[in-house]
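See below for the structure under consideration.
No lab work stands behind these numbers, since they all come straight from the coordinates. Worth saying up front: this structure is predicted, and the values here are computed from it rather than measured. Here Cβ is always computed from backbone atoms with ideal geometry, including for glycine, and neighbour counts include all displayed protein chains.
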Amino acid sequence: MDENEKAIEAISNGNYEEALEFLNTAIEKNPQDSIAYINFGNILAEVGESERALSFYQKAIEIDNQAAAAYYGAGNVLFNVEKYEEALQMYQKAHHAGLDDGSLHYMMGLSHFQIEKVGHALACFQRAVEWDETDTEARYYYGLCLAQTEQIDEAMSQLKKVVEEDDNHADAYYNLGVASMMTDGLKDAIYYFEQAIEAQPDHMLALNGKEQAQKMLEE
């Protein structure tokens, strides 16, 4: 077992200081070990040292410009500090370097969504769901993007699957309520708003939506 493997084992056990010692040794033995820099960056990101984490990811990229994990790690750090466009660039570089999985497509989707590129976000979330049909949050955002692009029937189909998988997903219930109002299903809308409120009693949008739907039904 080499130092990187020992470090990963230490990380899995929550022993970050021990892991960093192994990684320091790995870098001393081989300053061109991009994996050690990536693992070092992952630990720093985990403990909230964003700037230092980015510097280690950048060093890994300087050593190996096809280090997909370094681009992905840097993307996560940038996303967490709300630098969404920069994060997206890193995720795209990770993809170009060969990383292709549901988590990457989900994070690219979230980045597009945050900068209001809903069409691009929709495509990414669809790909994420294709990768992992059990990814409830990816499916939720896929449904949300479908609704925002006025594909209401398909949006409702996806959001119904979300609440089947997670019957406490207040936002999914709320958006089902909104979609129902758009298709004149006021009684259904009230039901979904009530489900959202049951899951999250202080869901102000659902409370307001229910009130509006009830008024429209009484007219």
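As an exercise, take the mean of 1/r over every pair of distinct alpha carbons in the chain, invert it, and state the Kirkwood radius in angstroms.
On the way: mean 1/r = 0.0515 Å⁻¹.
About 19.4 Å, per the Kirkwood formula over Cα pairs.
Using r as the Cβ-Cβ distance of ILE115 and LEU205, and R0 as 25 Å, what FRET efficiency do you calculate, to the nearest 0.05?
With R0 = 25 Å, the Cβ-Cβ based efficiency is 0.65.
Cut-off 10 angstrom, C-alpha nodes, Gaussian network model of the chain. Which of VAL178, VAL81, VAL163 fluctuates the most?
Between VAL178, VAL81, VAL163, it is VAL81 that shows the largest mean-square fluctuation.
Considering only GLN195, TYR142, LEU122, whose Cα is most displaced toward the positive end of the charge dipole of the stretch 73-219, charges sitting on Cβ of Lys, Arg (+1) and Asp, Glu (-1)?
LEU122
Could you list the square roots of 5 times each eigenvalue of the Cα gyration tensor of the stretch 105-150, that is, the equivalent ellipsoid semi-axes, sorted largest first and rounded to whole Å? Numbers along the way, then the final one.
Numbers: eigenvalues 46, 24, 11 Å².
Whole-Å semi-axes of the equivalent ellipsoid: 15, 11, 8.
Straight distance only, please: which lysines reach the Cα of LYS29 with their own Cα at less than 20 Å, same-chain residues fewer than 8 apart left out?
LYS6, LYS59
If you only keep lysine pairs separated by 8 or more in sequence, or across chains, how many in the stretch 79-186 come under 26 Å at the Cα atoms?
Counting lysine pairs in the stretch 79-186 gives 5.
Springs between alpha-carbon atoms under 10 Å, Gaussian network over the chain: tell me which of ASP132, ASP184, ASP100 tops the mean-square fluctuations.
ASP184
To the nearest 0.05, what FRET efficiency results for GLN89 and THR25 with a Förster distance of 35 Å applied to their C-beta separation?
0.60
Using 0.36 nm times the number of residues separating GLU17 and GLU150, minus their current alpha carbon distance, what extension gain do you get?
Using 0.36 nm per residue and subtracting the Cα-Cα distance, I get 42.8 nm.
Toward the positive end of the charge dipole of the stretch 1-100, about the Cα centre and with charges on Cβ (Lys, Arg +1; Asp, Glu -1), which of GLY75, ASN4, ASN30 goes farthest?
Sorting the options by dipole projection puts first GLY75.
Stick to the Cα atoms of the stretch 1-100, pair each with every other, and give me the Kirkwood hydrodynamic radius in Å at one decimal.
On the way: mean 1/r = 0.0749 Å⁻¹.
Over the stretch 1-100, the inverse of the mean reciprocal pair distance is 13.4 Å.
Short version: ³J(HN,Hα) in whole Hz for each residue of the stretch 183-199, in order, from phi by Karplus 6.51 cos²θ - 1.76 cosθ + 1.60 (θ = phi - 60°), x for Gly and Pro, what are they?
10, 6, x, 5, 5, 5, 4, 4, 4, 5, 4, 5, 5, 4, 5, 4, 6
Residue farthest toward the positive end of the dipole of the chain, with Cβ of Lys/Arg at +1 and Asp/Glu at -1: which of TRP131, GLY102, SER55?
SER55
Can you compute the modelled spin-label distance between GLN32 and TRP131, with each label point 7 Å from Cα toward Cβ, in nm?
3.1 nm
Determine the shape class of the stretch 139-196: with a ≥ b ≥ c the square roots of the Cα gyration tensor eigenvalues, call it rounded for a/c under 1.5, and otherwise prolate if a/b is greater than b/c, oblate otherwise.
Verdict is oblate for the stretch 139-196.
Count the net charge of all other residues whose Cβ sits under 13 Å from the Cβ of ILE35, scoring Lys and Arg as +1 and Asp and Glu as -1.
That works out to -2.
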